[in-house]
Amino acid sequence: MINYTAKYTKISSGYMGQLVEWPEVVTEGKDLEICREMLRDALHEMLVAYQQLGKEIPLGNALIEQLPIEVQSVSQAS
């Protein structure tokens with residue numbers, strides 16, 4: 001079992017979903033649930049393609065962390 005980290009971004013047509021560890025796996029959906037389903041399907045299709053081509057499958061389990069920063073301090077540093 002491999003866990004991949006999904007990143008969802010709000011776009012004008014709904015959501016874009018992409019895997020952090022495997023950026024080529026990307027899709028869109030009109031809402032978050034549809035995007036999530038489509039991302040799972042895109043991951044499955046990419047796994048099959050990589051296996052057929054004998055390519056190495058990227059490892060999962062990325063650690064995602066938010067790094068807070070004050071916007072004011074960024075402006076002053078410039």
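The H on the amide N of Ala62, modeled in the peptide plane, is under 5 Å from the matching H of Thr5, each at least 5 residues off or on a different chain. Between Lys10 and Leu32, the distance separating the two model label sites (each 7 Å from Cα on the Cα→Cβ line) works out to 1.0 nm. Please give the residues of segment 1-36, grouped as numeric ranges, whose backbone N is less than 15 Å from a label point set 7 Å along the Cα-to-Cβ vector of Ala49. Of the residues in segment 1-36, 18-19, 22-28 have backbone N under 15 Å from the label point off Ala49. Among Leu32, Leu19, Leu53, the residue with the largest mean-square fluctuation in a Gaussian network model of the chain, with springs joining Cα atoms closer than 10 Å, is Leu53. Relative to the longest principal axis of the Cα atoms of the chain, the long axis of helix 32-53 lies at roughly 50 degrees.
The P(r) of the chain has a tail past 18 Å containing 52 percent of all C-alpha pairs.
Read-outs throughout are calculated quantities, based only on the coordinates presented, and are distinct from any laboratory measurement. Worth saying up front: this structure is predicted, and the values here are computed from it rather than measured. Heads up, the Cβs are rebuilt from the backbone with ideal geometry, glycines too, and the neighbour counts pull from every protein chain shown.
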